[in-house]
Amino acid sequence: MSEKFDVIVVGAGPAGTSCAYTCAKNGLKVLQIERGEYPGSKNVMGGVLYRKQMEEIIPEFWKEAPLERPVIEQRFWMMDKESSVSFGYKGLEWGKEPYNNFTVLRAPFDQWFAKKGVEQGVLLINETVVLECLTENGKVVGVRTDRPGGDVYADVVVLADGVNSLLAKQLGYHKEFRPDEVALTVMEVINLSKDKINDRFNLEDNQGCTIEIFGDSTKGNLGTAFIYTNKESVNIGVGTTLSSMIKAKLKPYDLLDYLKTHPMVRPLIEGGESAEYLAHLIPEGGYHSVPKVAGDGVLLVGDAAQLVNAIHREGSNMAMASGKMAAETIIEANKRDDFSEASLNQYREKLYQSFIIKDLEKYKDAAHTFEHYPQYFKEYVPMMNRAASKFFTVDGTPKRDKQKEIMKSITSERGTIRVLQDMYRAWKAVK
Ligand code: FAD
């Protein structure tokens, strides 16, 4: 492997493949290297894929991509031990073209997407680990792989190697994670018949539903659980920041068992057969954790650049959009024959002008606020449940008296000033 390429892309997740596909479609010579046996074999995702960013790469992809169900309903549960306050949105328009988002299983989806890149001319090599970036006078000029004689050269190397990018760390772009910058999530794929899924989640064929669960799903710690419907399986998972896990001495697998046997959750998955068990990190440091994304001969995309909006569980779309922006930058740099940091910094500008950094900036203080002030998940979720129970119990008490009782119990538990402070702080964190 001593050939020189225009671009080497490390990783065949959504970020890497979006970049490789777009570069190859525009006539560049692209090598994509994936350590897994095939794209998707090592990848984990709750499973919501967003239509908009994927369609900007492959229009009307839903006509041929291996998707599970179009999501027509998003539910949110504020869950206590034996109750849940819920809200959400169900829209039948999301079940029709052009759709909003889809549930997917990553192994078939990533393989299909990478194959589309290969059809554009990408040379994809699986079962190959990139060990390090090769540099000359501080400029990245290629990569060293674990294959014999496996040094390969390119004008630009794109690091799409995921959350724990060892290559970005070697280059000094990434620091070691702080435990509050990363969440550990465990999930299980549970096989369940199509009819059971439709009955239990109130769906018809080719309609999907997502449930995000806060509160008791993480035993009151900062984090969420999720249940997503596939065609004939459901994905169920739970995650918290590593710092929460350490502080509360939580074991991720215990947390998943707790969730699966929770009385609000158990009936949805009862009788299902476990098909897969997976664990993965999610970069949740947000705006403050985004590293340097462009250097001489190198760009960072997707999770490797920490581009995840944890509040809206958007990661795959940011991966795809950033991969495409990196490709567009490389195409322009190729025309100028200039792969310096100054030239590749166009990518940074695109990123900072896009929804990606704007959204990360909007929530830049959210994770810190909710981690630092545990009352939001620990105290307010149970309080909301008690208030709802009281309000909806018909016991002959006039409604106005009930409202007064509820307000009194909330303010006496936390104190009026503290409640007002909490509300203002939460509003500031997400405004
Ligand atoms: P990845 O998908 O991690 O791909 C990186 C690739 O690089 C892998 O294929 C890996 O094998 C390869 N690789 C790594 N190192 C090397 C190396 N040295 N040499 C060669 N190859 C290498 N996002 C959503 O949009 N919706 C969701 O519902 C959602 N749910 C999630 C649930 C969980 C449990 C998790 C963990 C994440 C979830 N995300 C979700 C986030 C989303 O999965 C990621 O943001 C997205 O996968 C990032 O894509 P990527 O291409 O940057 O990285």
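The values are calculated or read from the model by the stated rules, or taken from the named source; none is laboratory data. In this text, all values refer to a predicted model and were calculated from it rather than measured experimentally. With ideal geometry, Cβ positions are generated from the backbone for all residues, glycine too; neighbour counts draw on all protein chains shown. The protein model used for the area step is the full one, side chains on, heavy atoms only, and it has no ligands, DNA or RNA in it. Shrake-Rupley method; radii C 1.70, N 1.55, O 1.52, S 1.80 Å.
What number do you get for region 31-96 when its Cα radius of gyration is normalised by 2.2 N^0.38 Å, N = residues?
Expressed relative to 2.2 N^0.38 Å, the Cα Rg reads 1.57.
Taking all protein chains together and a probe of 1.4 Å, list GLU361, GLU371, GLU341 from the most accessible to the least accessible.
Result of the area sort, largest leading: GLU361, GLU341, GLU371.
Please name whichever of VAL85, LEU124, SER165 sits farthest to the positive end of the charge dipole of region 53-194, dipole taken about the Cα centre and charges placed at Cβ: Lys and Arg +1, Asp and Glu -1.
The residue sitting most towards the positive pole is VAL85.
Provide the per-residue ³J(HN,Hα) series for region 9-16, in order, calculated from phi with Karplus coefficients 6.51, -1.76, 1.60 and θ = phi - 60°, each as a whole number of Hz, with x at glycine and proline positions.
10, 9, x, 10, x, x, 5, x
In nm², what is the average projected area of the convex hull enclosing the Cα atoms of region 115-208?
For the Cα atoms of region 115-208, the hull's average projected area reads 10.9 nm².
Normalise the Debye intensity by I(0) for region 341-418, one equal point scatterer per Cα, no solvent, then take log10 at q = 0.22, 0.23, 0.25 Å⁻¹ and round to two decimals.
After summing over all Cα pairs, the log10 values are -1.00, -1.04, -1.11.
My understanding is that a pair violates if its Cα-Cα distance is over 22 Å; which of LYS81/LYS260; LYS90/LYS194; LYS260/LYS431 do that in this structure?
Details: LYS81/LYS260 13 Å; LYS90/LYS194 19 Å; LYS260/LYS431 33 Å.
Pairs exceeding the cut-off: LYS260/LYS431.
Under a Cβ-Cβ cut-off of 10 Å, what is the net charge of the residues other than MET325 that fall near it, where Lys and Arg count +1 and Asp and Glu count -1? Display every interim value, and only then the final one.
On the way: positive: LYS324, ARG348, LYS350; negative: GLU328, GLU349.
Value of the local net charge: +1.
Relative contact order for region 302-370: what is it in percent, counting Cα pairs under 8 Å that are at least 6 residues apart?
Answer for region 302-370 is 28 percent.
Below 8 Å between Cα atoms, with a sequence gap of 6+, how large is the relative contact order for the chain in percent?
Relative contact order comes out at 20 percent.
Which whole-number value in Å³ per residue fits the convex hull of the alpha carbons of region 119-274?
170
Quick check: at a probe of 1.4 Å, how many percent of the accessible area of region 53-119 sits on carbon and sulfur atoms?
Summing carbon and sulfur atoms, their accessible area is 53 percent of the total for region 53-119.
Can you put HIS312, HIS288 in order of accessible area, largest first, using a 1.4 Å probe?
Reading off the accessible areas and sorting them downward yields HIS288, HIS312.
Express in whole angstrom the spacing between the alpha-carbon centres of region 156-197 and region 133-155.
When both Cα centres are located, 24 Å separates them.
Over the Cα atoms, compute the radius of gyration (one decimal) and Dmax (the largest Cα-Cα distance, rounded to a whole number) for region 173-251, in Å.
That works out to 15.8, 49 Å for Rg and Dmax.
Using only Cα atoms, figure out Rg for region 200-354 and give it as a multiple of 2.2 N^0.38 Å. Intermediate results must be reported in sequence, preceding the final value.
Numbers: Rg = 20.0 Å, N = 155, 2.2 N^0.38 = 15.0 Å.
Expressed relative to 2.2 N^0.38 Å, the Cα Rg reads 1.34.
How much of the calculated P(r) for region 61-124 lies past 19 Å, in percent of all Cα pairs?
53
Take every Cα pair under 8 Å in region 197-291 that's 6+ residues apart, average their separations, divide by the length, and report that relative contact order as a whole percent.
After rounding, I find 18 percent.
Using the Cα atoms of region 386-431 to build a convex hull, what is its mean projected area in square nanometres?
The Cα convex hull of region 386-431, projected and averaged over all directions, gives 3.9 nm².
Can you give the Rg to Rh ratio for region 1-128, taking only C-alpha atoms and Rh from Kirkwood? Spell out each step's value before the answer.
On the way: Rg = 17.8 Å, Rh = 16.2 Å.
We get a ratio of 1.10 for region 1-128.
Please report, largest first and rounded to whole Å, the three semi-axes of the ellipsoid equivalent to the chain, where each semi-axis is the square root of five times an eigenvalue of the C-alpha gyration tensor.
Ellipsoid half-lengths, sorted descending, are 42, 24, 19 Å.
So how do VAL85, VAL104 rank on accessible area, 1.4 Å probe, biggest first, that is with the largest at the start?
VAL85, VAL104
Skip the ligands, DNA and RNA, and give the accessible area per residue of the chain with a 1.4 Å probe, whole Å².
Here the per-residue accessible area is 45 Å².
Need one number for region 281-400: average projected area of the convex hull over its C-alpha atoms, nm². Present the calculation step by step, with values, prior to reporting the outcome.
Values: hull surface 41.1 nm².
With the hull built on Cα positions only, its mean projection is 10.3 nm².
I need the Kirkwood Rh of region 213-278: take the reciprocal of the average 1/r across all distinct C-alpha pairs and report it in angstrom.
Details: mean 1/r = 0.0806 Å⁻¹.
After inverting the pairwise mean of 1/r, the radius is 12.4 Å.
Can you tell me what percent of all Cα-Cα pairs in region 1-42 are more than 11 Å apart?
Every Cα pair in region 1-42 considered, those over 11 Å come to 62 percent.
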